[in-house]
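*Asks:* I'd like to ask some things about the structure below.
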Amino acid sequence: MKILIKGLNEIFERNIEAVTKLFFEEPILVFDKDEQADLKVSFDWQGEKEVNLSAVLDSQLDKKHFNSEYPAPINVDIDDKENRKRLKHVVNFVYLKLLQQYTNVTQPWGTLTGIRPTKLLHQMLQNMPLEQAHRQLKDNYLITNEKINLMQKIVDRQLAVIPDLYEVSNEISIYIGIPFCPTKCAYCTFPAYAINGRQGSVDGFLAGLHYEIEETGKWLKENNIKITTIYFGGGTPTSISAVEMDSLYETMYRSFPHMEHVREVTVEAGRPDTITTDKLNVLKKWNIDRISINPQSYTQETLKAIGRHHTVEETIEKFWLAREMGMNNINMDLIIGLPGEGVEEFENSLIETEKLMPESLTVHTLSFKRASEMTKNKEKYKVADRDEITEMMKMSSDWTDEKGYAPYYLYRQKNILGNLENVGYALPQQESLYNILIMEEQQTILGLGCGAASKFVDPTTRKITRFANPKEPKAYNETFIETTHEKLNRLAQIYKNNTL
Ligand code: SF4
């Protein structure tokens, strides 16, 4: 599809591209030239400082013609950063409405491009009544009622499980990244390195991580900052040996302040091929009972195609092993739209999930992330179309509803199939508090370990700043002393006017 755009300043070109891609595969966009194209979209700005924006779409293909306009006058000052943002949103609004009419495809998230829709709703509800917030989501962002209801359900659930969500900014949560996995999955962009033959690099990395935990714990104790939740991710934190895990948790319990106050410790054990009786015993010893075992799919050919070298049976077997050994809060991840998968395969995944009934189920929609093997070789991987993805999404929401799970967090990604979302569902009182805290950005999350990202949330201004540890174990080993102190300095900065 070739589309000619007229009447727009070049600062809007990237937005236009992003909106176009929601509707068309590999579109060709031409700005302000006299060329032949399948569609011609002309923007019209009427007025001087406060202007009315409208646009028309003419299709050369089927001779159709559509109009759209923004319902209120807008200020066109592009030098003001905030106003420029608003203007981009207005241009998106007008353009999206045209493409929705022309294609007859409704974008469920409208013009909302952010990855945290529920954060927006939390903000709105702190400033206006619910009805007004919902009306704005519908009228200003063109979000469908179905998605607004989903957002509201999630916000309600989050406030029920973390009633002090808006006040936890004086505490922090901790993310610990272990960058190793048995093999690398095709869709993966996490810092994950195949562990085999890398013992030297594992040893070096763990030495740095122990240091980070000890120094961070010392600082938190000195400054009397409490920890709300701790999350081990990666990679796969259970790829290291049982002895290495034991020693890491020993350091954590010895170093961090008030471990009895920590509301949740999660360890991802995503790859079933890393789970052993010894490692489960270590988790039990340290009272860690929230783990994640991720099937992604229950179709063997799919696992092979995406580079996960474990069997469906192994996932089920390891689930029961963990259950028998006392793990009573198990999360499982499924991915909608894996290569070669459609409604039939997803139904099979739901049937298998029903036999296990994990405490929580996170349903991801496949996203083509730029750096993954899958994106680099996109033509090799055949994925379901928009309608089928939407149907599978609906199946997951109906299935979870029937089985007593409720949605409790959601996030969106760029290049996600069908422009949809990832949703975490949980049985009552089994929600992951860490997942809520990271999505809603209500407190600082300090990242330790390889590739771990820290997000500093100023308790007063709510301003967010970020810091990332190196992704490569080698670079991490060379820099962990400086990065640890850099992060602690930043923590000191944001707390200097608060609890200190
Ligand atoms: S298990 Fe997770 S972190 Fe490891 S390679 Fe696969 S997707 Fe990446």
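The values are calculated or read from the model by the stated rules, or taken from the named source; none is laboratory data. For clarity, every value in this text was computed on a predicted model and none was experimentally measured. All Cβ positions, even for glycine, are placed from backbone atoms using ideal geometry, and neighbour counts span all protein chains on display. What goes into the accessible areas is simple: the full protein's heavy atoms, side chains included, and nothing from ligands, DNA or RNA. Shrake-Rupley method; radii C 1.70, N 1.55, O 1.52, S 1.80 Å.
*Asks:* For region 162-495, take every pair of Cα atoms, bin their distances at 20 Å starting from 0, and report each bin as a whole percent.
*Replies:* Percent of Cα pairs in each bin: 31, 60, 9.
*Asks:* For Lys63, go through the aspartates and glutamates and keep the ones whose alpha-carbon is under 14 Å away, minus same-chain ones fewer than eight residues off.
*Replies:* Leaving aside aspartates and glutamates fewer than 8 places away in the same chain, those within reach of Lys63 are Asp38.
*Asks:* Quick one: which residues, 5+ away or cross-chain, put their amide H under 5 Å from the amide H of Phe180? H built at 1.01 Å from N.
*Replies:* Here the answer is Tyr193, Thr236, since their amide H atoms fall under 5 Å of that of Phe180.
*Asks:* With a 1.4 Å probe and all protein chains kept in place, how much accessible area does Tyr102 have, in Å² rounded to the nearest 10?
*Replies:* For Tyr102, the solvent-accessible surface is approximately 30 Å².
*Asks:* Further question on the same structure: With both bridge residues required to lie in the chain, what share of the DSSP beta bridges run antiparallel, to the nearest 5%?
*Replies:* Within the chain, antiparallel bridges account for around 45 percent of the total.
*Asks:* Still on this model: Got the relative contact order for the chain handy, in percent, Cα pairs under 8 Å and 6 or more residues apart? Intermediate values should be presented prior to the final figure.
*Replies:* On the way: 923 pairs, mean separation 70.4, N = 500.
It rounds to 14 percent for the chain.
*Asks:* By its C-alpha gyration tensor, with a ≥ b ≥ c as the square roots of the eigenvalues, how is region 450-493 shaped: rounded for a/c under 1.5, else prolate for a/b larger than b/c, else oblate?
*Replies:* Working: a/c = 5.08, a/b = 2.06, b/c = 2.46.
The shape class here is oblate.
*Asks:* Using 0.36 nm per residue, how much length does the chain from Asp77 to Arg14 gain when fully extended, once their Cα-Cα distance is taken away? Walk me through the numbers on the way to the answer.
*Replies:* Values: separation 63, 0.36 × 63 = 22.68 nm, distance 1.86 nm.
20.8 nm is the gain from fully extending Asp77 to Arg14.
*Asks:* For Tyr408, which sequence-distant residues (separation of 5 or more, or a different chain) have an amide H within less than 5 Å of its own amide H, given hydrogens modelled in the peptide plane?
*Replies:* Gly424, Tyr425, Ala426
*Asks:* Next up: Semi-axes of the equivalent ellipsoid for region 2-103, please: Cα gyration tensor eigenvalues, times 5, square-rooted, ordered largest first, whole Å.
*Replies:* 23, 14, 12
*Asks:* Also, quick follow-up: Specify whether the C-alpha gyration tensor of region 117-160 places it in the rounded, prolate or oblate class, a ≥ b ≥ c being the square roots of the eigenvalues: rounded for a/c under 1.5, otherwise prolate if a/b is larger than b/c and oblate if not.
*Replies:* Numbers: a/c = 1.97, a/b = 1.27, b/c = 1.55.
Here region 117-160 falls in the oblate category.
*Asks:* Return the FRET efficiency for the residue pair Ile28, Gln493: r is the Cβ-Cβ distance, R0 is 45 Å, and the value is rounded to the nearest 0.05. Before the final figure, lay out each step's value.
*Replies:* Details: r = 47 Å, r/R0 = 1.05.
Once the sixth-power term is evaluated, E becomes 0.45.
*Asks:* Do the alpha carbons of any pairs in Lys49/Lys463; Lys463/Lys496; Lys153/Lys403; Lys147/Lys471; Lys284/Lys455; Lys49/Lys147 sit beyond 26 Å of each other, and which pairs? Numbers along the way, then the final one.
*Replies:* Working: Lys49/Lys463 31 Å; Lys463/Lys496 14 Å; Lys153/Lys403 16 Å; Lys147/Lys471 35 Å; Lys284/Lys455 30 Å; Lys49/Lys147 35 Å.
As for pairs spanning more than 26 Å Cα to Cα, those are Lys49/Lys463; Lys147/Lys471; Lys284/Lys455; Lys49/Lys147.
*Asks:* Follow-up question, since we're still on this one. R0 = 60 Å: FRET efficiency of Glu69 with Ile481, Cβ-based, nearest 0.05? It would help to have the intermediate numbers written out before the result.
*Replies:* Working: r = 58 Å, r/R0 = 0.97.
The value I calculate is 0.55.
*Asks:* Quick one: net charge of Leu112's neighbours, Cβ under 9 Å, K/R +1, D/E -1? Could you put the intermediate results ahead of the total?
*Replies:* On the way: positive: Lys147, Arg412; negative: none.
Here the count lands on +2.
*Asks:* Considering only the other residues whose Cβ falls under 13 Å of the Cβ of Lys496, what net charge follows from Lys and Arg at +1 and Asp and Glu at -1?
*Replies:* Numbers: positive: Arg490; negative: Asp458.
Computed value for this residue: 0.
*Asks:* If Rh is defined by the Kirkwood formula over all Cα pairs and Rg also comes from Cα, what ratio Rg/Rh do you get for region 319-366?
*Replies:* Rg/Rh for region 319-366 comes to 1.03.
*Asks:* Ignoring ligands, DNA and RNA, please state the percent of accessible area on the chain from carbon and sulfur, probe 1.4 Å. List each step's numbers first, then the result.
*Replies:* Numbers: 10760 of 22140 Å².
On the chain, the fraction of accessible area on carbon and sulfur atoms equals 49 percent.
*Asks:* How big is the accessible area of Trp219 in square angstrom, nearest 10, if you roll a 1.4 angstrom probe over the protein chains?
*Replies:* 40 Å²
*Asks:* Right, something else. Please compute the per residue accessible area over region 2-103 with all protein chains in place, 1.4 Å probe, rounded to a whole number of Å². Mind showing how you got there, number by number?
*Replies:* Working: 5840 Å² over 102 residues.
About 57 Å² of surface per residue is accessible.
*Asks:* Can you give the accessible area of Lys85, probe radius 1.4 Å, in Å² rounded to 10?
*Replies:* 120 Å²
*Asks:* Here is a follow-up. Note the full-extension length gain between Lys21 and Arg386 as 0.36 nm times their separation in residues minus their Cα-Cα distance, in nm to one decimal. Working shown, then result.
*Replies:* On the way: separation 365, 0.36 × 365 = 131.40 nm, distance 1.26 nm.
Result for the pair: 130.1 nm of gain on full extension.
*Asks:* Here's something else I'd like to know. In the neighborhood of Glu402, defined by Cβ-to-Cβ distances under 13 Å, what is the net charge if each Lys or Arg adds +1 and each Asp or Glu adds -1? Intermediate results must be reported in sequence, preceding the final value.
*Replies:* On the way: positive: Lys394, Lys403; negative: Glu354, Asp398, Asp401.
So the environment of Glu402 carries a net charge of -1.
*Asks:* Using unit Cβ charges (K, R positive; D, E negative) and no other charged atoms, how large, in debye to the nearest 20, is the dipole of region 140-243 about its Cα centre? Don't jump to the answer; show the numbers that get you there.
*Replies:* Values: 8 positive and 10 negative charges, 73 e Å.
The dipole of region 140-243 has a size of about 360 debye.
*Asks:* Report, by chain and number, residues whose modeled amide H sits under 5 Å from the one on Ser432, excluding near sequence neighbours (fewer than 5 apart, same chain).
*Replies:* It is none; the list stays empty.
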